[in-house]
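Below is one structure, written out as structure tokens; the observations come after it.
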Amino acid sequence: MTAEEKAICLAYRINPEELERVHSLPANVRVAVARKLVNKLRKEHMSETQQTIRDRIQKEYKRRPCPPGVDVNSHADRESIRGLVGDLSDDLILICPQSRELNHALNKLREAMHWAHDAIDRYGVSSSKENQ
């Protein structure tokens, strides 16, 4: 275990053995597990208001099944964006104090998601995916 990982364990009160188990997982799973561990620790220090906002955000940005007749690829792109915006919203709620500015930031993220969905619906596949 590196010195940086030991510092993370100390800072977030993570059991080093638990971190060692995480290292055996694939990289994308490791990131998800690490995020859940950090969020679990942050949640312990959350106010009731923060928890209420976080519950609403998680409900709003949860994954939705593909409706019949909709292109599966564009739906997957939309859901990917929904997940990214949901994660960022969740992080903002955990980091920023409850304020008018936080509400503005959350509204702007929601607006960005809608514009991104509109672009997917209007223009389809992104240029980076066409090159693959």
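Total residues in the range 62-86 satisfying the condition of being more than 16 Å from residue 120 (Cβ to Cβ) and crowded, with 16+ Cβ neighbours inside 10 Å: the figure is 1.
Taking only the range 87-114 into account, find how many residues are hydroxyl-bearing (Ser, Thr, Tyr) and in a loop (DSSP other than H, G, I, E, B). Residues that pass the stated criteria total 1. Can you confirm whether residue 84 is free of Cβ contacts under 8 Å to residues at least 24 places away in the same chain and either outside any loop (DSSP other than H, G, I, E, B) or within 20 Å of the chain's Cα centre (by Cα) (or both)? So residue 84 fits the description; yes.
Just so you know, all these numbers are worked out from the coordinates, no wet-lab data involved. This one's a predicted model, so the numbers in the text were calculated from it and none came from an experiment. Every residue, glycine among them, receives a Cβ derived from its backbone with ideal geometry; neighbour counts consider all protein chains shown.
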